[in-house]
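Reading through the structure tokens given below for one structure.
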Amino acid sequence: MTAFVSPSELAARIKSGAKLAVPPDGSGASVGLTKFIIDSGVRDLHLVCAPIGGLQVDMLVGAGAVSTIETSAVSLGEAGGAPAFIRAIRQQTIRIMDATCPAMLTGLVAAQKGVPFIPMRGLIGSDILRTRPDWTVIDNPYAKDDPIVAIPAIRPDVCLFHAPEADRFGNVRVGRRGELQLIAYASDITLVTVERIVETSLLSDEASAAGVLPSLYVSAVAELKHGAWPNGLWGEYEADADEISRYAAAARTAEGFDRYMDAFSGAMAQ
Amino acid sequence: MTEATARETLIFTIARLLDGVRHVAVGASSPIPAAGAMLLRALSEQRGGEPVRISILGSAEHNFFTQGASELFDCAAQGRIDAFFLGGGQIDGAGNINLVGSGDYPNSEVRWPGSFGSAFLYYVVPRVILFREEHSPRVLVEKVDFISAPGTSPPGVYRVGGPHALLTGAALFSFEGDKGRFRLDSVHPGHTAEEIRASTGFAFAEAPQIKPTPQPDQATLALLRGRILDELAETYPQFAEVLHADATGMAA
């Protein structure tokens, strides 16, 4: 059964050393839970970006909670590069496993299907493949002379995202953000923050049921208003570009990052 | 007689490079490629040609996908996307692109966001246009420090897509797939072939006659400053204002 908990209880379910899957900015990254995760003192996270990372990833890296990032990119979009991520790469404080978007998604689909790998086109001749000893080129068993990359399943311990609403039964509306369903299918446990919890089952309306992640996959839900902020949330609110730019400027130094995060926690706690 | 601005020349050139495509995908923060695709769509409509579909990733209004991020890649894998744009912190003379960083990997001196979908889309989208406004030896290097995706693949490696052209703020190159190198085709107004040779870090072939990059005629320019600007403003309001200010400054 889906548990309904407070944001700090939700964050406490993410353990040190866990492989944690998160969606991109603007596709349901639970930026609001980030301060709770940092405050929990969790360390040594292995982040899996589905398929790219943004503000939340940069904040977790800046706070020293991350040891490995598996991703096809980390960026603040229009606000530019991810400052804490760039610093961590230069200072060698994190391990990077560079991928390409469809490889991240393919690895998660393999986990969803319970198979060890799925073959994928592209990649051959790239330095991405060369620097990923965990990936193997195999021969297509159905054709001659056709090498293809076998992408191993990515099985996160836990995934976390933010959505507009959940119902009392633990069903969550994800709309057409297929990557949210994907990380939930692939992960052992799924943690969700939502703008609101509604009393009527989201599955009762056939017209919108297809965009709902059933409670079967949802381990725990916490209500967290504006939990995507300063990113936008589809159908709810626009991204706060000024705030993202403020973060981008502040996080250029470690001290600026710390100062920003103190104030960020304060602002969210009000 | 009104002249096109530098950005309008790029937009018009992209529309020319896209001629004949049915479906073009554009990245979320690529206003010039998006404008080029919108211009092609409008021109094709005027000619009574096949309708052109544009998917702008990350846009709510111009994105047809309902299955999330993976649908774009699945679509491309099936040959349903004819053209796409890639850039890079470094591009070399063999068409290799680097979106990861400069210096030794993995602890890059300068780290860029990462390869995004390039290590797949470059292989499967038939007409990939490399677009980077900065034309300098820092970007156009002899050899990239990290290959996010290679320009060509050896025989036996599945490859139906690849580079079609390289467009910078100064010049237009086509890509000679059989030779695995670029060829300088034209130079934008205000630039010279000599300048391009000096500011390109890799060796390239040259067309027998390097022409000035073609400019839009008056009707096309009017279309660009009217309908295209309006369409563009829906997704890229700030960029549409910049284009408008450019054109107004030109007229004054």
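The numbers here are math on the coordinates, done by the rules we state, and not lab data. Note that the structure is predicted; figures quoted are calculated from it, not measured. With ideal geometry, Cβ positions are generated from the backbone for all residues, glycine too; neighbour counts draw on all protein chains shown.
At-a-glance table
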| quantity | calculated |
| --- | --- |
| Residue-averaged 222 nm ellipticity for the protein assembly as shown, from DSSP H runs of 4+ at -39500 (n - 2.57), nearest 500 | -9000 deg cm²/dmol |
| Span from the the range B:109-147 Cα centroid across to the the range B:174-215 one, whole angstrom | 18 Å |
| Peptide A:113-124 - average C-beta neighbours from other chains (10 Å radius) | 4 |
| Net charge of Cβ neighbours under 15 Å - reference A:R13; Lys, Arg +1; Asp, Glu -1 | -2 |
| Segment A:A12-A:R259, extension gain: residue separation times 0.36 nm, minus the distance between their alpha carbons | 86.5 nm |
| Within-14-Å neighbourhood charge of B:H191 [Cβ basis; K, R +1; D, E -1] | -3 |
| Other-chain or far-sequence residues with amide H under 5 Å of A:H162's (modelled H) | A:A29, A:S30, A:T193 |
| Pairwise label distance in nanometres, A:H226 with A:F117, each label 7 Å out on the Cα-Cβ vector | 4.8 nm |
| Reachable lysines from A:K35, criterion Cα separation under 26 angstrom, eight or more residues apart if same chain | A:K15, A:K19, A:K225 |
| Charge dipole (the protein assembly as shown, unit charges on Cβ, about Cα centre) - positive-most of B:G169, A:S30, B:I196 | B:I196 |
| Extension gain from A:F4 to A:W234, taking 0.36 nm per residue of separation minus the Cα-Cα distance | 80.5 nm |
| For the range B:234-239, Karplus couplings with θ = phi - 60° (6.51, -1.76, 1.60), whole Hz, Gly/Pro x | 5, 9, 10, x, 5, 5 |
| Pairwise label distance in nanometres, A:R95 with A:A143, each label 7 Å out on the Cα-Cβ vector | 3.5 nm |
| Alpha carbon convex hull of the protein assembly as shown, projected area averaged over orientations, nm² | 25.6 nm² |
| Likely footprinting exposure, A:S30, B:S29, fewest C-beta neighbours within 10 Å first | B:S29, A:S30 |
